[in-house]
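Notes follow once the structure below has been shown.
The values are calculated or read from the model by the stated rules, or taken from the named source; none is laboratory data. Note that the structure is a prediction, hence the values are computed from the model and not measured. Don't worry about glycine lacking a Cβ; one is built from the backbone with ideal geometry, like all the others, and counts go over all protein chains shown. Ligands, DNA and RNA are excluded from the accessible area calculation, which covers all protein heavy atoms including side chains. Shrake-Rupley method; radii C 1.70, N 1.55, O 1.52, S 1.80 Å.
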Amino acid sequence: QKEVEQNSGPLSVPEGAIASLNCTYSDRGSQSFFWYRQYSGKSPELIMSIYSNGDKEDGRFTAQLNKASQYVSLLIRDSQPSDSATYLCAAPGGGTSYGKLTFGQGTILTVHP
Amino acid sequence: GAGVSQSPSNKVTEKGKDVELRCDPISGHTALYWYRQRLGQGLEFLIYFQGNSAPDKSGLPSDRFSAERTGESVSTLTIQRTQQEDSAVYLCASSFSVSGGTQYFGPGTRLTVL
């Protein structure tokens, strides 16, 4: 079983809609989670980090963490064509491997006008 | 500098040659990480350095891969006897510290092995 999984296939939403991206993880000891956005041909850039159960909002982005269900999600409200990118979920390793980020495979989001 | 820098941005080499990739972290960041991203794939952890501690090399795929870091500055990733499956984008990231520090990525080096 992969440590971090993003099962959603390519996601296409109309401009202005809410895009919902999902991620599950296997290590119950994971304490922090990160969402990165990666435009085609570019390096990942951090969008959100979340450490506590519940919601964390930043502008049009909301990260949600449910440690009991080992589930973390990213909601993008009022989606814009410029949000079209691959979104990567990541969690650090445990113990002495804390610095190692394990990434999901990514979800490709397309926002069409 | 303002961000993580990497050089070269692109490298084309022949199978069997050695290559060196360089990373300059953000000033003041004590932790430095190397990842590999094959075309259409997620990021694969290779190695990280934290200050003067022994590096975590658990992600290096074979003994052809090695990395060094001088103090808390520049790091080089060396791939010996390159193979075609080494073709990928090699990404470097740095953070203020390993324990929960946000990782900021450089632009990457695209390596193509012919």
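Each Cα pair under 8 Å and six or more residues apart adds its separation to the average, and for segment B:34-92 the resulting relative contact order is 36 percent. Quick one: with all protein chains in place, what share of the accessible area of the protein assembly as shown is carbon or sulfur, to the nearest percent (1.4 Å probe)? That fraction is 47 percent.
For chain B, the solvent-accessible area with a 1.4 angstrom probe is 47 square angstrom per residue.
Roughly how large is the B-A contact in terms of buried accessible area, totalled over both chains, probe 1.4 Å, nearest 100 Å²?
1400 Å²
Just check the protein assembly as shown against the gyration tensor rule for me: Cα atoms, a ≥ b ≥ c as the square roots of the eigenvalues, rounded for a/c under 1.5, and otherwise prolate or oblate depending on whether a/b exceeds b/c. Here the protein assembly as shown falls in the prolate category.
The label-point distance for A:TYR71 and B:THR76, in a model that sets each label 7 Å from Cα toward Cβ, rounds to 4.9 nm.
Would you mind putting B:29-41, A:9-21 in packing order, based on average other-beta-carbon counts within 10 Å, highest first? Don't skip to the answer; put the middle values down first.
Numbers: B:29-41: 19.5, A:9-21: 14.0.
Packing order, densest peptide first, comes out as B:29-41, A:9-21.
Full extension of the chain between A:GLN80 and A:GLU45 yields a length gain of 10.9 nm, computed as 0.36 nm times the residue separation minus the alpha carbon distance.
Taking only the alpha carbons of segment B:51-103, we obtain Rg and Dmax values of 12.7, 35 Å in that order.
Taking max minus min of the alpha-carbon positions on each principal axis, chain B gives extents of 37, 27, 24 Å, largest first. Counting every alpha-carbon pair across chain A, the share separated by more than 20 Å comes to 36%. Pairs of Lys residues in chain A are counted when their Cα atoms are under 24 angstrom apart and they lie 8 or more places apart or on different chains; the count is 6. Farthest toward the positive end of the dipole of the protein assembly as shown, out of B:LEU39, A:PHE103, A:ALA19, is the Cα of B:LEU39, where the dipole comes from beta carbon charges about the Cα centre. Remark: relative contact order (chain A) = 35 percent; criterion is Cα-Cα distance under 8 angstrom and separation of 6 or more residues. Note on B:49-55: average number of Cβ atoms from other chains within 10 Å of each residue's Cβ is 1.
The stretch between A:GLN31 and A:GLU57 holds 7.5 nm of extra length on full extension. This uses 0.36 nm per residue minus the Cα-Cα distance.
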